[in-house]
Amino acid sequence: MDRIRIRGGRPLSGEIKVGGAKNAALPLMVAGLLTDQRLILSNVPRLADVQTMTLLLQQHGIAVDPITDDGRNLSLGGAISNTEAPYDIVRKMRASFLVLGPLLARVGEARVSLPGGCGIGARPIDLHLKGLEQLGARIVLEGGYIDARVHGRLKGATSVVPFVSVGATENLLMAASLAEGRTVLANAAREPEIGDLAAGLVAMGARIDGIGSDTLTIDGVDRLHGAEHAIIPDRIETGSYACAAAISGGSVFLRDARLDHLGATVRILREAGVDIVEEPDGLMVKRLNGLHGADVMTEPYPGFPTDMQAQFMVLATRARGQSVITETIFENRYMHVSELSRMGADIHVDGRTSVIRGVKRLTGAKVMASDLRASAALILAGLVAEGTTDVLRVYHLDRGYEKIEKKLQKLGADVKRAKDV
């Protein structure tokens, strides 16, 4: 198992390229189940989760072939030969559950294991199942698997979910694209990754109105065809490196980053004293005259993303004054707090609220990563800590950040990956 060692204290400077969005790439790969023609995806990030999704699609019978040497362009397609998504794959990554809707829509049946992923709290699948039942699916839960079938084609319906769910929106959007008649998804998620999936489906021949809004109207078609689609840049990677630049006191250009995808993240960072300037091909990020405390509540897009909560908490430990973070999405997403406290952070947690008081310094320590975004946060803390920080269990990182140590090295950080002993 790998660890990442950081010797802190170096301001970051230079330029890095923001990769394709993991949370857009995975559902777009799943969309390859909806057609027997080839779907060509470009700007695909090279991540462990992409490899896991590749294995899952291949065992369904879908060929996933790199068409460039760097693996950032993939060709997907083929006949579905197997409708079971097994536990051994699905347990590794929650996005695997997205195959349920497309399999039902394309071949009328699916057997999908209950999902896994980071242990950051309950993420119920009942919204997925209720929505698919409204489209005509018959669903049975047995032995840790979802068995779903439909007689003939799925039928369009109006689905109103009680709270916003990115995964349920994606599953139902893909299923409805091949359903008979009109489907209306009310209270749909509005994340840029949803818009990217919808754009990819439209390129494949889907008929979708309301993209970018909380109401999606889908007129089902008999079949979808092949298409080419470029994946949007990763807004969470953008925010993570923006925090790294700010806490280190450096100046970093994030090539291909998009300001219009950041939502409340850019407002909160600017409120905290981070200068973010939009340029034609990316964002320039630097710290102004010191960092200031800011209050944050995680919310669905365009609110502040839960996937940026841990990284912002590190920034708050180095800001003047007090910051208050309220986590409304997941009930167990403060596992990084105890590790930051070991490095000298002043953080008090009461339920879903954390109060962070800025400190003069953090001190390097051995710390344990608990999930993907917590891993990134601990590395950010190591960048400004005095001495050496060893971040253990960094296998989480490879699910969502492509060679983060290489990118930080390019910006001048003293960071290296080594085998744990």
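The values are calculated or read from the model by the stated rules, or taken from the named source; none is laboratory data. Predicted model, so just to flag it, every value in this text is computed and none were measured. Here Cβ is always computed from backbone atoms with ideal geometry, including for glycine, and neighbour counts include all displayed protein chains.
Out of the residues in region 368-421 meeting the condition of being hydroxyl-bearing (Ser, Thr, Tyr) and within 15 Å of MET335 (Cα to Cα), tell me which one is surrounded by the most Cβ atoms within 10 Å (Cβ to Cβ).
Applying the first criterion (hydroxyl-bearing (Ser, Thr, Tyr)) to region 368-421 yields 370, 375, 388-389, 395, 401.
With the extra rule that they be within 15 Å of MET335 (Cα to Cα), the set shrinks to 370, 375.
On the way: SER370: 24, SER375: 29.
Among them, the one singled out is SER375.
I need the full set of residues from region 204-230 which are closer than 25 Å to ALA186 by Cβ and either among the hydrophobic types (A, V, I, L, M, F, W, C) or touching a Cys at 6+ places or on another chain (Cβ under 9 Å) (or both), in order please.
Matches in region 204-230: MET204, ALA206, ILE208, ILE211, LEU216, ILE218, VAL221, LEU224.
Show the residue pairs meeting these rules: Cβ distance below 7 Å; 6+ apart or different chains; first residue within region 236-247 and assigned by TED's automatic domain parsing to the domain that holds GLY273; second residue of a type in the set (S, T, N, Q).
Going by the 7 Å Cβ cut-off, the qualifying pairs are GLY239/THR265; GLY239/GLN311; SER240/GLN311; CYS243/GLN311; ALA245/SER251.
Would you confirm, using the coordinates I've provided, whether ASP371 is touching a residue at least 40 places away in the same chain (Cβ under 8 Å), outside the structural domain of PRO45 (by TED's automatic domain parsing) and not small (Gly, Ala, Ser)?
Working: touching a residue at least 40 places away in the same chain (Cβ under 8 Å): yes; outside the structural domain of PRO45 (by TED's automatic domain parsing): yes; not small (Gly, Ala, Ser): yes.
Answer is yes for this residue.
Just need a number here: residues in region 54-95 that are outside any loop (DSSP other than H, G, I, E, B) and under 19 Å from ASP398 (Cβ atoms). Reasoning before the result, please.
Taking region 54-95 first, the residues outside any loop (DSSP other than H, G, I, E, B) are 54-59, 63-66, 74-77, 84-85, 87-90, 94-95.
Checking the rest, the ones that are also under 19 Å from ASP398 (Cβ atoms) come to 54-56, 64, 66, 74, 88-90, 94-95.
Of the residues in that region, 11 qualify.
With region 248-353 as the region, which strands (runs of 3 or more DSSP E) entirely inside it contain at least 2 residues that are surrounded by fewer than 24 Cβ atoms within 10 Å (Cβ to Cβ) and in contact (Cβ under 8 Å) with a residue 60 or more places away in the chain?
251-255
Pull up region 99-114, narrow it to residues that are among the hydrophobic types (A, V, I, L, M, F, W, C) and assigned to a strand (DSSP E or B), then point me to the one that is modelled with the highest pLDDT.
ALA110
With respect to the numbered conditions (1) of a type in the set (Ser, Thr, Tyr); (2) assigned to a helix (DSSP H, G or I); (3) more than 24 Å from ALA25 (Cβ to Cβ), which one is the sole condition not fulfilled by SER375?
(3) is the only condition that SER375 fails.
Going through region 354-367 one residue at a time, which ones are of a type in the set (A, V, I, L, M, F, W, C) and surrounded by 17 or more Cβ atoms within 10 Å (Cβ to Cβ)?
Those that are of a type in the set (A, V, I, L, M, F, W, C) and surrounded by 17 or more Cβ atoms within 10 Å (Cβ to Cβ): ILE356, LEU362, ALA365, VAL367.
Can you tell me which condition SER159 does not meet? The list is (1) crowded, with 20+ Cβ neighbours inside 10 Å; (2) part of a loop (DSSP other than H, G, I, E, B); (3) of a type outside the set (A, V, I, L, M, F, W, C), and all the others hold.
That leaves (2) as the condition not met.
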